[in-house]
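What follows is a single structure, written as structure tokens, with notes after it.
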Ligand SMILES: Cc1cc2nc3c(=O)[nH]c(=O)nc-3n(C[C@H](O)[C@H](O)[C@H](O)COP(=O)(O)OP(=O)(O)OC[C@H]3O[C@@H](n4cnc5c(N)ncnc54)[C@H](O)[C@@H]3O)c2cc1C
């Protein structure tokens, strides 16, 4: 599959220049960071922009920087390999290094960025296919058609958000910075996603995600990320669970749980925090949290594994992750 022709590859050196170009060519331009998702999608003719904005030369958007008194700032162009190898992150926010280390394969982690992972397009069996396949089998709501093959009769797109780092970032109460022609704004990551597969993120055509902030208040939580995928060496998640936990006097002082790849958005399960707070973790509590996570998961036939299996694996992974993270802290009551 060849790349569709486009007029110009634009290479800004600053955020201001990038945002100016986005505003100028809005609706006919695509941002390219690592390109590990955008380029295959362009080859499949899912996107055929006239302009491609290659932001890789904006050096201020690279790296992991401690910000004393507030937390840690991560540039949108920071690669998964950098996240995975950062001692600072491993020490303070281990759930993120763990999630970053499971993205795709080593080569793709060298190219793929945290910004691209947060902005990652939603995925579906009926969407991530070549133009020839989609023509033959029927277009869908997300691209070129007006029906959903996954939920026939429905008008909502159920393509699944399938990024690995966002559930970890949700557990850490991360915020993101978005640059636009009218300046910068900072929003909690949990407000970034819409829950609708074909318009999954709140980002205007002239906006660029520039930075991620991890607050000091989320540092030093024990954390675990577990994912289900077909080939352990490379594939996107088909179900994913992130858990973080802090204890005090043997009890859970605070805990957060988020899931991915089973809904059109990654979801922070607020009820899990309430369920775990102040408790000593045992099997039955971990079971109950697993049940809650499975109820929140709404996978449809958007991937090669059945929705029932993926929902069940959310339950299993959640239970295991809660027990494992508690075990690290000697919180399990036998
Ligand atoms: C074989 C294969 C396996 C994969 N497995 C996984 C996996 O296991 N887990 C996983 O999470 N991902 C996986 N991916 C997808 C991808 O590698 C990662 O999600 C990666 O983090 C995407 O980042 P990128 O910089 O390459 O994004 P790009 O491909 O450059 O961009 C992705 C999307 O985000 C937009 N975008 C990028 N940066 C910005 C920004 N700063 N502001 C606004 N919009 C932006 C782009 O326009 C595009 O729509 C896989 C990809 C492949 C090809």
Segment 85-99: number of residues that are crowded, with 17+ Cβ neighbours inside 10 Å, more than 9 Å from the ligand (Cβ to nearest atom) and in a helix (DSSP H, G or I): 7
Residue list for segment 308-320, restricted to those being buried (at least 19 other Cβ atoms within 10 Å of the Cβ) and either without any contact (Cβ under 8 Å) to a residue 24 or more places away in the chain or farther than 28 Å from residue 140 by Cα (or both): 315, 317, 318, 319
Options 81, 36, 14, 70: the member that is in contact (Cβ under 8 Å) with a residue 12 or more places away in the chain, surrounded by 15 or more Cβ atoms within 10 Å (Cβ to Cβ) and farther than 30 Å from residue 144 by Cβ: 81
Qualifying residue in segment 43-58 (condition: more than 13 Å from the ligand (Cβ to nearest atom) and touching a residue at least 60 places away in the same chain (Cβ under 8 Å)): yes
Scan of segment 226-274 for residues that are in contact with a helix residue (DSSP H, G or I) (Cβ under 7 Å, 6 or more places away or on another chain) and in a loop (DSSP other than H, G, I, E, B), ordered by number: 238, 262, 264, 266, 269
Any hit, segment 142-160, residues being over 30 Å from residue 306 (Cβ atoms), within 13 Å of the ligand (Cβ to nearest atom) and at pLDDT 95 or above: no
Test: residue in segment 121-131 that is within 18 Å of the chain's Cα centre (by Cα) and more than 13 Å from the ligand (Cβ to nearest atom): yes
Close pairs (7 angstrom Cβ cut-off, 6 or more residues apart or separate chains): under 16 Å from residue 213 (Cα atoms) in segment 85-111, part of a loop (DSSP other than H, G, I, E, B) and at pLDDT 95 or above anywhere: 92/219; 92/220; 93/172; 93/219; 95/172; 96/172; 97/86
Residues within segment 210-237 that are within 16 Å of the ligand (Cβ to nearest atom) and out of contact with any strand residue (DSSP E or B) (no Cβ under 6 Å at 6 or more places or on another chain), tallied: 8
Filtered residues of segment 173-190 (kept if under 13 Å from the mean Cα position of the chain (by Cα) and closer than 18 Å to residue 257 by Cβ): 174, 189, 190
Condition check for residue 203: within 20 Å of residue 74 (Cβ to Cβ), out of contact with any helix residue (DSSP H, G or I) (no Cβ under 6 Å at 6 or more places or on another chain) and part of a loop (DSSP other than H, G, I, E, B): yes
Count of segment 181-200 residues which are crowded, with 16+ Cβ neighbours inside 10 Å and in contact with a helix residue (DSSP H, G or I) (Cβ under 6 Å, 6 or more places away or on another chain): 2
Candidate set from segment 101-110 (those that are surrounded by fewer than 24 Cβ atoms within 10 Å (Cβ to Cβ) and within 6 Å of the ligand (Cβ to nearest atom)); member that is farthest from residue 242 (Cα to Cα): 108
Criterion: at pLDDT 95 or above and surrounded by fewer than 23 Cβ atoms within 10 Å (Cβ to Cβ) - qualifying residue of 247, 226: 226
Conditions (1) without any contact (Cβ under 8 Å) to a residue 40 or more places away in the chain; (2) within 18 Å of the chain's Cα centre (by Cα); (3) within 23 Å of residue 188 (Cα to Cα): number failed by residue 246: (2)
Boolean, residue 26 is closer than 21 Å to residue 121 by Cβ, in contact with a helix residue (DSSP H, G or I) (Cβ under 7 Å, 6 or more places away or on another chain) and touching a residue at least 60 places away in the same chain (Cβ under 8 Å): no
Test: residue in segment 277-289 that is in a helix (DSSP H, G or I) and under 28 Å from residue 197 (Cβ atoms): yes
Residue in segment 18-33 that is surrounded by the most Cβ atoms within 10 Å (Cβ to Cβ), counting only those that are more than 6 Å from the ligand (Cβ to nearest atom) and not in a helix (DSSP H, G or I): 29
Among (1) within 16 Å of the ligand (Cβ to nearest atom); (2) assigned to a helix (DSSP H, G or I); (3) out of contact with any helix residue (DSSP H, G or I) (no Cβ under 9 Å at 6 or more places or on another chain) - the single one residue 73 does not satisfy: (2)
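The values are calculated or read from the model by the stated rules, or taken from the named source; none is laboratory data. Note that the coordinates shown come from a computational prediction; the quantities given were computed from them, not determined experimentally. Cβ: placed from backbone, ideal geometry, glycine included. Neighbour counts: every protein chain shown.
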